[in-house]
Structure formats: structure tokens, C-alpha cells
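Report on the following structure.
The values are calculated or read from the model by the stated rules, or taken from the named source; none is laboratory data. Keep in mind that this is a model prediction, so the values were computed, not measured. Please note: Cβ atoms are built from the backbone with ideal geometry, for glycine as well, and neighbour counts cover all protein chains shown.
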Amino acid sequence: MFKLSEIKELIKLVDQTSVQELEIESEGARLAIRKPGRTEVVNVQTAPVAPSYVPVPSAAAVTAPSEAEAAPAPSARAAGLHSIVSPMVGTFYRAPSPDAPSFVNTGDRVTEKTVVCILEAMKLMNPLEAEVKGEIVEILVENGQLVEFGQPLFLVKPE
């Protein structure tokens with residue numbers, strides 16, 4: 001299975017090169033990334049283990065954001081804030097369970113490896129790391145909210 005950080009990095013690499021389409025199979029999972037102008041779909045499918053095949057629901061298909069959509073708001077950029085964005089479509093959870101404390105709150109200091117939330121996609125819980133060292137300035141989404149690919153989730157003041 002592909003890690004979220006790996007998928008995010010592959011999307012960035014494809015976006016920065018002349019490659020129009022990339023397909024990778026690894027350990028029973030298939031990842032296809034296509035640039036805008038083709039079908040604009042990033043789709044992760046599980047390869048069949050038995051003769052039966054369960055297709056990935058269409059909700060798992062994600063369109064790649066334009067630079068304007070993926071960029072933080074102008075006021076955030078002006079203030080020198082880093083935006084932690086969603087690497088997938090899913091449901092945003094601030095804590096590992098309903099009765100557990102939140103991973104992070106406004107004012108908390110984070111490192112690159114600090115888990116800031118969980119994104120649930122197709123019944124899989126995917127932890128999201130900050131990938132930047134700094135202080136959480138604002139949490140932009142509500143617990144249990146559906147988020148889109150490239151949607152800003154947190155604003156961080158980098159150290």
C-alpha cells in the first residue's frame with residue numbers, strides 16, 4: 001500500500017515534470033496519476049486478491065488542484081504561514097477516537113513528524129503528519145468534516 005507522503009511526493013514530481021501520466025503497482029495496490037488536460041484523476045485501487053474484484057468507489061477519484069486552489073490564502077502567505085493541506089478526499093478527524101484528546105490544538109508546537117489529524121478514506125484511517133516545524137496558528141476545518149484534495153486544513157507559523 002502507498003503511504004500518503006509517497007503519493008503526495010509523486011503528485012508533486014509529476015506536476016514539476018513533462019510526464020503526463022504515471023502508473024505504479026506495488027504490493028497489490030495500483031496508483032495512477034494523470035496531469036490536467038488528460039482526465040485529471042488520481043486514483044488508488046487495490047488489485048484483486050481473489051477472482052472477484054471490488055472497484056474503488058467514484059468518491060475516491062480525486063482531481064488534481066490548480067496552483068491557485070493548492071496555494072494558501074494570500075493573507076496566510078503574507079503572514080509567512082505554512083498551510084498543511086489534505087493529500088486526499090476524506091473525512092477529517094482531530095483525534096484518534098471520539099473520547100481521545102485532539103492530536104493538536106491552536107498554539108501547539110509541531111515537528112515534521114507530528115501527527116496533526118486522521119483522514120478517513122474508504123474506511124481506512126490515514127494519519128497526516130505536519131511536515132513542517134512550527135506552531136499551529138489556526139485549524140481551518142471542523143472535526144468530522146469532509147475535505148477535498150489540496151484543501152488547507154491547518155495554518156502553521158514555521159520556526
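Side notes on the structure shown:
- Any hit, segment 133-147, residues being closer than 19 Å to K3 by Cα and either out of contact with any Ser or Thr (no Cβ under 7 Å at 6 or more places or on another chain) or surrounded by fewer than 19 Cβ atoms within 10 Å (Cβ to Cβ) (or both): no
This table checks each residue for (1) assigned to a strand (DSSP E or B); (2) under 20 Å from P158 (Cβ atoms); (3) at pLDDT 50 or above; (4) polar (S, T, N, Q).
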site	(1), (2), (3), (4)
I24	yes, no, yes, no
V54	no, no, no, no
P87	no, yes, yes, no
P96	no, no, yes, no
V116	yes, yes, yes, no
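- Enumeration of residues in segment 128-146 that are touching a residue at least 40 places away in the same chain (Cβ under 8 Å) and closer than 13 Å to S86 by Cα: L128, E129, A130, E131, I139, V141, Q145, L146
- Qualifying residue in segment 105-126 (condition: more than 19 Å from K3 (Cβ to Cβ) and under 15 Å from the mean Cα position of the chain (by Cα)): no
- Filter pass, E120 being touching a helix residue (DSSP H, G or I) at 6+ places or on another chain (Cβ under 9 Å), charged (D, E, K, R) and in a strand (DSSP E or B): no
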